[in-house]
1. Any chance you could count how many residues in segment 146-171 are away from the ligand (no atom under 13 Å from the Cβ), closer than 30 Å to W423 by Cβ and either without any contact (Cβ under 8 Å) to a residue 40 or more places away in the chain or more than 18 Å from the chain's Cα centre (by Cα) (or both)?
2. Need pairs with beta-carbon distance below 6 Å; first residue over 14 Å from V129 (Cα atoms) and within segment 90-111, second buried (at least 19 other Cβ atoms within 10 Å of the Cβ) and hydroxyl-bearing (S, T, Y); sequence gap 6+ or separate chains.
3. Of all residues in segment 398-448, which are of a type in the set (V, I, T), in a helix (DSSP H, G or I) and more than 19 Å from F310 (Cβ to Cβ)?
4. I'd like to check which helices (runs of 4 or more DSSP H) are fully inside segment 234-321 and have at least 2 residues that are assigned by TED's automatic domain parsing to the domain that holds T341 and within 16 Å of the ligand (Cβ to nearest atom).
5. Go through the residues of segment 331-342 one by one and say whether even a single one is surrounded by 24 or more Cβ atoms within 10 Å (Cβ to Cβ) and more than 16 Å from the ligand (Cβ to nearest atom).
6. Just for segment 108-145: of the residues that are more than 16 Å from the ligand (Cβ to nearest atom) and of a type in the set (G, A, S), which one is surrounded by the most Cβ atoms within 10 Å (Cβ to Cβ)?
7. For segment 288-302, what are the residues that are surrounded by 14 or more Cβ atoms within 10 Å (Cβ to Cβ) and touching a Cys at 6+ places or on another chain (Cβ under 8 Å)?
Amino acid sequence: MVKICCIGAGYVGGPTMAVMALKCPEIEVVVVDISEPRINAWNSDRLPIYEPGLEDVVKQCRGKNLFFSTDVEKHVFESDIVFVSVNTPTKTQGLGAGKAADLTYWESAARMIADVSKSSKIVVEKSTVPVRTAEAIEKILTHNSKGIEFQILSNPEFLAEGTAIKDLYNPDRVLIGGRDTAAGQKAIKALRDVYAHWVPVEQIICTNLWSAELSKLAANAFLAQRISSVNAMSALCEATGADVTQVAHAVGTDTRIGPKFLNASVGFGGSCFQKDILNLIYICECNGLPEAANYWKQVVKVNDYQKIRFANRVVSSMFNTVSGKKIAILGFAFKKDTGDTRETPAIDVCNRLVADKAKLSIYDPQVLEEQIRRDLSMARFDWDHPVPLQQIKAEGISEQVNVVSDAYEATKDAHGLCVLTEWDEFKSLDFKKIFDNMQKPAFVFDGRNVVDAVKLREIGFIVYSIGKPLDS
Ligand code: NAD
């Protein structure tokens, strides 16, 4: 029986391996992590991450051919294929701080693999890493391996949080990069055979290592660039009376452009887009390509600008001050159907409003109160240095921020309401009831274009929707 182990039981490692175990019942899959609470949660009824459909997949295979363990070394030792799906955040200090990927976790995983292995293994880069990371990993492994042979593959993950299970069942493609040697090609085939259990072979793309590594960064940069393009357009729409939804539809029906990922919003978030673009910028700079770096920098700058513009609009609409005013924040996660708040635009918007002395009442269906408090106390929007956003310690979070358990409580007596995540339940709220319980004039600031602005205006709200003509 082939044994697969995945180091890192996070948003990628957990769902990816659960689906792999489900689709390959003859393969034993063990997901390992150094975090005991995370592994305990994977072994419990309350999984550590919220993802539609995940619980069902885990329940079907856990204890049969899917296991979660903190015994990292034992399972790496026993496995034929070792995926590494550890976090690769942006470096916070030293060379490349603020841009380069921090590969500390990867390096320590690679050293451990070399240390414990007594038989040859395929080591798979599942994490998103800078192009040519495999070269560094090969060095670490071969210099520490006592003659054992390792083949490194790049197999970046393209799932999107919120639709991870669907994406894993039906991926647009699976990408596998490897060395152009007999051993490299054999390793590619071994991994392709695993995916071929459920992915049509014509959708499994095999490339060299560097193309696979760079393709992941490129894919995220292109996706984020589309969001920044439509968001830049949304600002122009507001200034000219055009409607960004109509413009996006007109533009997106061009088959060369396509309709997806053209929703204007308060900005993109999540742990990947910004981090991966910053990483790309750093790689361009290291390769002496400043103009290529500048192109991608602009994508991040427009995203920061969009968050600032939104927060600005809230303050300016409410007679230039939100001091002492209650503002309801509906949605804190970076997108719907996830509890993930990493880099969520809500952090910057909320911190801006807190800095202006607003009283926030926050509701999100999936994000826990302590997570919201932690996020808001770590990053504080610095109005004097808006781009890049400054990471400084927050004051006033405890007095000014209230986290509540439903949208009606959040909006009671509020002067304004901001929709920051596109949760489906926000579309079907009883806005008449909300209006009746709010201060007047009652403002709605829709950062996701999810509410029916026409209906809300009929009720009496003053509505601002991203990229839409004001109060039309
Ligand atoms: P995560 O932070 O949720 O999970 C990473 C896990 O790795 C953590 O639980 C951590 O404890 C564990 N870990 C770190 N070092 C370890 C070690 N030495 N041994 C064992 N466990 C260790 O991160 P994530 O969101 O799952 O992302 C993982 C990688 O996948 C990142 O490179 C990310 O860029 C990439 N990625 C993420 C997404 C996404 O939507 N989250 C999508 C595609 C790719």
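The values are calculated or read from the model by the stated rules, or taken from the named source; none is laboratory data. Just so we're clear, the structure is a prediction, and the values are computed from it rather than from any experiment. Counting neighbours? That spans all protein chains shown, and the Cβs are built from the backbone with ideal geometry, glycine included.
1. From segment 146-171, those away from the ligand (no atom under 13 Å from the Cβ) are 146-153, 166, 169-170; that's our starting set.
With closer than 30 Å to W423 by Cβ added as a condition, the list becomes 166, 169-170.
Next cut, either without any contact (Cβ under 8 Å) to a residue 40 or more places away in the chain or more than 18 Å from the chain's Cα centre (by Cα) (or both) only: 169-170.
Within segment 146-171, residues that are away from the ligand (no atom under 13 Å from the Cβ), closer than 30 Å to W423 by Cβ and either without any contact (Cβ under 8 Å) to a residue 40 or more places away in the chain or more than 18 Å from the chain's Cα centre (by Cα) (or both) number 2.
2. Listed by first residue and then by second, the contacts come to G96/Y282.
3. Kept after step one, since they are of a type in the set (V, I, T), are these residues of segment 398-448: 401, 403-404, 411, 419, 421, 434, 444.
Then keep just the ones that are in a helix (DSSP H, G or I); that gives 411, 434.
Once the filter is applied, which keeps residues that are of a type in the set (V, I, T), in a helix (DSSP H, G or I) and more than 19 Å from F310 (Cβ to Cβ), segment 398-448 yields only I434.
4. Values: elements: 244-252, 273-286, 290-317.
Helices (runs of 4 or more DSSP H) meeting the threshold: 273-286.
5. Initial filter on segment 331-342 (surrounded by 24 or more Cβ atoms within 10 Å (Cβ to Cβ)): 331-334, 338, 341.
Among the residues that remain, those that are also more than 16 Å from the ligand (Cβ to nearest atom) are: 331-332.
Yes - at least one qualifying residue is present in segment 331-342.
6. Within segment 108-145, the subset more than 16 Å from the ligand (Cβ to nearest atom) is 118-120, 122, 135, 138-139, 142-143, 145.
Then drop every residue that is not of a type in the set (G, A, S), which leaves 119-120, 145.
Values: S119: 10, S120: 14, S145: 16.
That would be S145.
7. Matches in segment 288-302: A292, A293, W296.
Quick grid of which residues meet (1) at pLDDT 95 or above; (2) aliphatic (A, V, I, L, M); (3) farther than 30 Å from S215 by Cα:
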residue: K297; (1), (2), (3): yes, no, no
residue: S316; (1), (2), (3): yes, no, yes
residue: N320; (1), (2), (3): yes, no, yes
residue: L330; (1), (2), (3): yes, yes, yes
residue: R352; (1), (2), (3): no, no, yes
residue: D364; (1), (2), (3): yes, no, yes
